[in-house]
Amino acid sequence: WSKPQEYEAESALNRLGGTARFHAFCPGFSSGAMVDGIGDGAANYLQFNQIDAPKKGEYVMTLYYASKADPTMKGADRGEVRMSVNGTFPITLKLPRSDGDPQVVAVKEKIKLKKGFNTIRFFNETARVPAIDKLTIQPAI
């Protein structure tokens, strides 16, 4: 790839579970939309489907999320999100807060993908997580 592959949270290819919801007309998000309502139970999740990898191996995933409180994130625990790739045992990603006004920020994590389509699920069993904008995937160097 010459540039990272981009996957929007609100894509119709993705799956929303429980209280996770798509919201349109959200200024500041990459396509003007995002998904919130993730967390406070494992059934409240966002799953990215059809993450396409040209070969099996290690990739860098960049997750873009909303930092700081805004009307769509009341009571959100902006500390961490759980992530499972292709149904594997979940890992915890720390979600740093930004200073100043609410904004979309990013966190990177190395992940292993199989050749072809992959799934990445975000959830939290005990706390809410911030609204998710998108993720990008690129080969690890």
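The values are calculated or read from the model by the stated rules, or taken from the named source; none is laboratory data. This structure is a prediction, so every number in the text was calculated from the model and none was measured. Cβ placement follows ideal geometry from the backbone for every residue including glycine, while neighbour counts extend to all protein chains displayed. In case anyone asks, the SASA skips ligands and DNA or RNA and just uses the protein heavy atoms, side chains included. Shrake-Rupley method; radii C 1.70, N 1.55, O 1.52, S 1.80 Å.
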Item checked: The one condition in (1) in a loop (DSSP other than H, G, I, E, B); (2) of a type outside the set (A, V, I, L, M); (3) open to solvent by 40 Å² or more (accessible area, probe 1.4 Å) that Phe29 fails to fulfil -> (3)
Notebook entry, point to check: Does the stretch 35-49 hold any residues that are surrounded by fewer than 15 Cβ atoms within 10 Å (Cβ to Cβ) and modelled with pLDDT under 95, and which are they?
Noted result: none
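Among the residues of the stretch 38-48, is any within 21 Å of Leu95 (Cα to Cα), of a type outside the set (Asp, Glu), part of a loop (DSSP other than H, G, I, E, B) and in contact with a Ser or Thr (Cβ under 6 Å, 6 or more places away or on another chain)?
Looking through the stretch 38-48, at least one residue is within 21 Å of Leu95 (Cα to Cα), of a type outside the set (Asp, Glu), part of a loop (DSSP other than H, G, I, E, B) and in contact with a Ser or Thr (Cβ under 6 Å, 6 or more places away or on another chain).
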Check: Of (1) among the charged types (D, E, K, R); (2) modelled with pLDDT under 90; (3) closer than 22 Å to Glu8 by Cβ, Glu109 satisfies all except one. Which?
Finding: (2)
Next item on the list: Tell me which of these Val85 doesn't satisfy, since it passes every other one: (1) at pLDDT 95 or above; (2) open to solvent by 70 Å² or more (accessible area, probe 1.4 Å); (3) among the aliphatic types (A, V, I, L, M).
Entry: (2)
Check: Can you name every residue in the stretch 83-124 that is over 23 Å from His23 (Cβ atoms) and part of a loop (DSSP other than H, G, I, E, B)?
Finding: Asn86, Gly87, Thr88, Phe89, Pro90, Asp99, Lys114, Lys115
Note to self: I'd like the residue in the stretch 13-26 that is in a loop (DSSP other than H, G, I, E, B) and at pLDDT 95 or above and, out of all such residues, is most open to solvent (accessible area, probe 1.4 Å).
What the structure shows: Leu13
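Is it fair to say Ala9 is closer than 15 Å to Lys134 by Cβ and of a type outside the set (Lys, Arg)?
Yes: the conditions hold for Ala9.
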Check: Got a sec? Which of Tyr7, Tyr65 is at pLDDT 95 or above and assigned to a strand (DSSP E or B)?
Finding: Tyr7
